[in-house]
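First the structure, then my questions, so here it is.
The values are calculated or read from the model by the stated rules, or taken from the named source; none is laboratory data. Quick caveat, the model's predicted, so the values are computed rather than measured. Cβ placement follows ideal geometry from the backbone for every residue including glycine, while neighbour counts extend to all protein chains displayed. Side chains included, ligands, DNA and RNA excluded: accessible areas come from the protein's heavy atoms. Shrake-Rupley method; radii C 1.70, N 1.55, O 1.52, S 1.80 Å.
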Amino acid sequence: MPQIKVRGINENDICKISEKMVDELVEAVKCPRDYFEIECIKSVAIRDGKIADVYPFVEVAWFDRGQEVQDIVAKIITNNIRENLNIESMDLAFTVFEKEKYYENGEHF
């Protein structure tokens with residue numbers, strides 16, 4: 001169920017690292033592979049009235065799994081992107097879903 005939303009990185013580049021990265025995430029999070037979804041979001045950055053490069057940003061939206069697992073997931077994603085795609089700097093943030101506010105087919109968890 002972890003949703004990994006990526007901006008500012010080419011989707012073909014994400015495809016190149018996705019299999020290995022998800023392998024590592026499955027081990028860290030202890031959930032089935034098909035729970036993970038990677039979404040590449042096209043966006044446009046505007047600075048000083050001009051179109052600019054989008055700064056690499058990853059958001060992980062999920063149910064809380066504790067600080068230790070969160071730190072491991074952040075390192076897995078960051079290392080895969082920085083080391084394999086030659087991206088020097090990027091940001092990553094977590095959005096935590098609350099079970100009573102998350103619905104699947106009209107029913108909350």
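Can you give me the number of residues within region 28-69 that are acidic (Asp, Glu) and in contact with a helix residue (DSSP H, G or I) (Cβ under 9 Å, 6 or more places away or on another chain)?
Just the residues of region 28-69 that are acidic (Asp, Glu), to begin with: 34, 37, 39, 48, 53, 59, 64, 68.
Those left that are additionally in contact with a helix residue (DSSP H, G or I) (Cβ under 9 Å, 6 or more places away or on another chain): 64.
Residues that pass the stated criteria total 1.
Here is a follow-up. With the chain as the region, which strands (runs of 3 or more DSSP E) entirely inside it contain at least 1 residues that are open to solvent by 100 Å² or more (accessible area, probe 1.4 Å)? Before you say what the answer is, go through the steps one by one.
Numbers: elements: 3-7, 37-41, 45-47, 50-52, 57-63, 91-97.
Output list reads 37-41, 45-47, 50-52.
Still on this structure, please answer the following. Only one residue in ILE38, ILE87 is at pLDDT 95 or above, out of contact with any Ser or Thr (no Cβ under 9 Å at 6 or more places or on another chain) and on the phi < 0 side of the Ramachandran plot. Which one?
That would be ILE87, the only listed residue that is at pLDDT 95 or above, out of contact with any Ser or Thr (no Cβ under 9 Å at 6 or more places or on another chain) and on the phi < 0 side of the Ramachandran plot.
Have a look at VAL60, VAL69 and point out the one that is at pLDDT 95 or above, farther than 16 Å from ILE17 by Cβ and not polar (S, T, N, Q). Please lay out each step first, then the result.
Details: VAL60 fails: farther than 16 Å from ILE17 by Cβ.
After applying the criteria, what remains is VAL69.
Which condition does LYS16 not pass, out of (1) at pLDDT 95 or above; (2) over 16 Å from the mean Cα position of the chain (by Cα); (3) basic (Lys, Arg), if it passes all the others?
Of the numbered conditions (1) at pLDDT 95 or above; (2) over 16 Å from the mean Cα position of the chain (by Cα); (3) basic (Lys, Arg), the odd one out for LYS16 is (2).
Would you mention how many residues in region 1-34 are touching a residue at least 60 places away in the same chain (Cβ under 8 Å), of a type in the set (Asp, Glu) and more than 15 Å from PRO56 (Cα to Cα)?
Count: 0.
TYR103 is checked against (1) under 14 Å from the mean Cα position of the chain (by Cα); (2) under 16 Å from MET1 (Cα atoms) and fails just one. What number does that condition carry?
Result: TYR103 fails condition (1) only.
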